Amino acid sequence: MVIAIVVAIPTVRYLTRPLPLLMQPEPPEAIARRNAPENAYYRLEEALRLLPFLPPPDPAKIQRFEAEQRPDSIGTAANLWLPDDDPDLRAYLEACDPVIQKVREALAAPYFLYPHIDEGGRQPIMPVREMAYLDSLLHARSLLALRMDNDAQAAWGFLLDGLRATRMRSTDGGSYAEFLACHQEAAMLDSVYELASHTPSIETLKNALIVLSDLASFSRPLSSYFEFDLRADHWHNWASVPWRRGTLALISQRFDQFQQIRLERRVRRFLCEHRDEFLAACDLPYDKFQEWHKSRMPLFKDGPISFEARPVSGRAYLKTWNAGARIVVSLELYRANHGTYPESLDALAPEYLDSVPTDAYFHNEFVYRPVDADYTLYGLGTRQRDDPREFPIHLAGRRTTRE
């Protein structure tokens, strides 16, 4: 009995000791701004409520979709298991026009912020995936306008609004929202070649290049996502420690829970102690961050802390896709003016691009090879390998679903 009391007292003291505050809570004026009616978030919330009912599942159509499914099909973009030429697919996407109008109203709003912070200082998880579906609708609507209606100008309008909406949502939120937005935007940029190569209007291509360049110039510091997660107590998105169960934990579930709580508290203290260093590292370029990650990661007593690089790699992935998309549009502008693609990417600057962009990983140049009336364009990726499979932007002879 005495031994149990002796052990229990320091344990209770340890578990009840106040934890350090990872980030200061937001001031009242910032909370009021999140809940203000002019916040674009509420336009997107209205858009979600306007979504029509999905078409009833048809086994025959689903079977045909599975047999013909392509990564760039309209049904894939819209998360609908319907072939591209199915009337139900068109009917559903056209019924989403009021939804798209609400998204465009959100784009005209002065700012976007996820609401609200409760009394405990925790920011609830918002419907990030549901809002990402709105961007998918714009992407699918773009492909429908191009492939079924042969309206390249309308297709560009839908696609560019989808890209802007995705970027708007990434102006706030934590690392999960940013990672999802990066891959959503990159998926839409994968359609740029198809749109650009079927756009006869030089003015439409120039406008697309301006928008893509504007998107490339915007870059919210990754440290702000880290701050958001710390303030919301979502530090698990950034830091973790290899979990090893002790002998006592295998015997008793209570010891197992105690070990988990103890480890979590230690990680929180560690993050608090090294928070400023982590915040500075988040904003390093991808290559510099990798150097820091290898050389400066402190070791934990129970094993090395893993400071996740996923937000940093996601940002580099998106920047590389944006650079490739700008090159693709510039190549089509060059072809429209000269009748053929250039021999090298250097011919694109400074007439179409201020300078030829490089990838965002290690600042390598894109590999470009003209092939008859087509071309191959790809990046070297994280492994810096001269292989088209590493980071393909467009491969000669690749056909879209439309073709």
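The values are calculated or read from the model by the stated rules, or taken from the named source; none is laboratory data. None of these values were measured; they are calculated from a predicted model. For neighbour counting, all protein chains shown are included, and Cβ atoms are generated from backbone atoms with ideal geometry for every residue, glycine included.
Sort out for me the helices (runs of 4 or more DSSP H) sitting completely within segment 226-333 that have 1 or more residues that are small (Gly, Ala, Ser) and at pLDDT below 75. Break it down into steps so the answer makes sense when it comes.
Values: elements: 247-251, 253-282, 286-295.
Ranges flagged: 247-251.
Can you say whether Asp149 is in a loop (DSSP other than H, G, I, E, B) and under 30 Å from Pro27 (Cα atoms), as far as the supplied structure shows?
no
Identify, by number, the condition in (1) under 22 Å from Tyr111 (Cβ atoms); (2) buried (at least 21 other Cβ atoms within 10 Å of the Cβ); (3) of a type outside the set (A, V, I, L, M, F, W, C); (4) touching a Leu at 6+ places or on another chain (Cβ under 8 Å) that Glu130 doesn't meet.
Evaluating Glu130 over (1) under 22 Å from Tyr111 (Cβ atoms); (2) buried (at least 21 other Cβ atoms within 10 Å of the Cβ); (3) of a type outside the set (A, V, I, L, M, F, W, C); (4) touching a Leu at 6+ places or on another chain (Cβ under 8 Å) leaves (2) as the failure.
May I ask you to verify whether Tyr352 is farther than 25 Å from Ser217 by Cβ and touching a residue at least 24 places away in the same chain (Cβ under 8 Å)?
Against the criterion (farther than 25 Å from Ser217 by Cβ and touching a residue at least 24 places away in the same chain (Cβ under 8 Å)), Tyr352 does not qualify.
Within segment 148-168, take every residue that is in contact (Cβ under 8 Å) with a residue 60 or more places away in the chain and touching a helix residue (DSSP H, G or I) at 6+ places or on another chain (Cβ under 6 Å) and give me the one that is surrounded by the most Cβ atoms within 10 Å (Cβ to Cβ).
Ala165
Criterion first (over 30 Å from Asp276 (Cβ atoms), touching a residue at least 60 places away in the same chain (Cβ under 8 Å) and either aliphatic (A, V, I, L, M) or in contact with a helix residue (DSSP H, G or I) (Cβ under 6 Å, 6 or more places away or on another chain) (or both)) does Ala208 satisfy it?
yes
Return the total of residues in segment 187-205 being crowded, with 20+ Cβ neighbours inside 10 Å and of a type outside the set (Asp, Glu).
Of the residues in segment 187-205, 9 are crowded, with 20+ Cβ neighbours inside 10 Å and of a type outside the set (Asp, Glu).
Residue-wise test of (1) among the charged types (D, E, K, R); (2) over 24 Å from Glu351 (Cβ atoms).
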{"position": "Phe179", "(1), (2)": "no, yes"}
{"position": "Gln184", "(1), (2)": "no, yes"}
{"position": "Thr199", "(1), (2)": "no, no"}
{"position": "Lys206", "(1), (2)": "yes, no"}
